Amino acid sequence: MAITSAITQPSTMDRFTSKLRDYYTLTKPEVNLLILMTTSAGYYLASRGNFRVGGLVNTLVGTVLVASGTATLNQWMERVWDGQMRRTATRPLPSGTLTAREAFLFGILLSVAGGLYLALAVNGLSGLLAISTVLSYLLAYTPLKRKTPLCTFWAPSPALCRL
C-alpha cells in the first residue's frame, strides 16, 4: 500500500517544479520575447555615440520584469473570463494550479521590481514610463476591451487609452 501511495503522490520536487512552471506561464514568455526584441531595436536606434551593452542589458532586465508583471496582473484580472474560454481555461489561474493571491502578489512584485530597476539602473524617466504603461494597460485597456473594439487600436500603445 505504501508503494502505491508513493507512486501516485507527486514528490515535493515535482510540485515545486510544477509551481515554477505555472509562474513562468503567467509571465507570457512568448509575448515577452517580442517585447524584448522591439526594446532592443529601439535602444539601438536611439543610441548616440558608442553602443553601451550594459545599458541595453539593464533596459532589457527592467523591461522583462515589468512586462512579466503586467502579463501576470492581466491574467489575474481576467481569470473569471479565462475560465470560460476553451483557449485560456487551462492557464494557471482558471485551472486552479495557482491561487489568485499568489498571482496578484507575483504580478505586483515583478511590476514594482521592474519599475524600480529601470529607475535605478537606467534612469528615472524609464521607470516612470514603465509604471505608467502598467497602470494604463491594467486600468484602461484591459477593462475597456470588453466594452469597445477601439481598444484593439489602443493595444500597441496603452498610454493612448487613458480616460
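Listed here are the residues, each with its yes/no results for (1) closer than 18 Å to residue 130 by Cβ; (2) in contact with a Gly (Cβ under 7 Å, 6 or more places away or on another chain).
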| site | (1), (2) |
| --- | --- |
| 37 | yes, no |
| 41 | yes, no |
| 49 | no, no |
| 53 | no, no |
| 56 | yes, no |
| 61 | yes, no |
| 76 | no, yes |
| 82 | no, no |
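Is it the case, given these coordinates, that residue 41 is of a type outside the set (Asp, Glu) and either crowded, with 19+ Cβ neighbours inside 10 Å or in contact with a His (Cβ under 7 Å, 6 or more places away or on another chain) (or both)?
no
Among 72, 25, 12, 63, which is polar (S, T, N, Q) and over 14 Å from the mean Cα position of the chain (by Cα)?
From the options 72, 25, 12, 63, the qualifying one is 12.
Tell me the residue from 109, 120 that is more than 16 Å from residue 24 (Cα to Cα), at pLDDT 95 or above and aliphatic (A, V, I, L, M), please.
On inspection, the qualifying residue turns out to be 120.
Name the residue, out of 59, 99, that is hydroxyl-bearing (Ser, Thr, Tyr) and within 19 Å of residue 20 (Cβ to Cβ).
Exactly one residue qualifies, and that residue is 99.
Just checking: which of the helices (runs of 4 or more DSSP H) contained wholly in region 30-137 hold 2 or more residues that are under 26 Å from residue 15 (Cβ atoms)?
Ranges flagged: 53-77, 79-82, 92-95, 100-121.
The values are calculated or read from the model by the stated rules, or taken from the named source; none is laboratory data. Being a predicted model, the structure only gives us computed values, none of them experimental. So basically every Cβ, Gly included, is an ideal-geometry build from the backbone, and we count neighbours across all protein chains shown.
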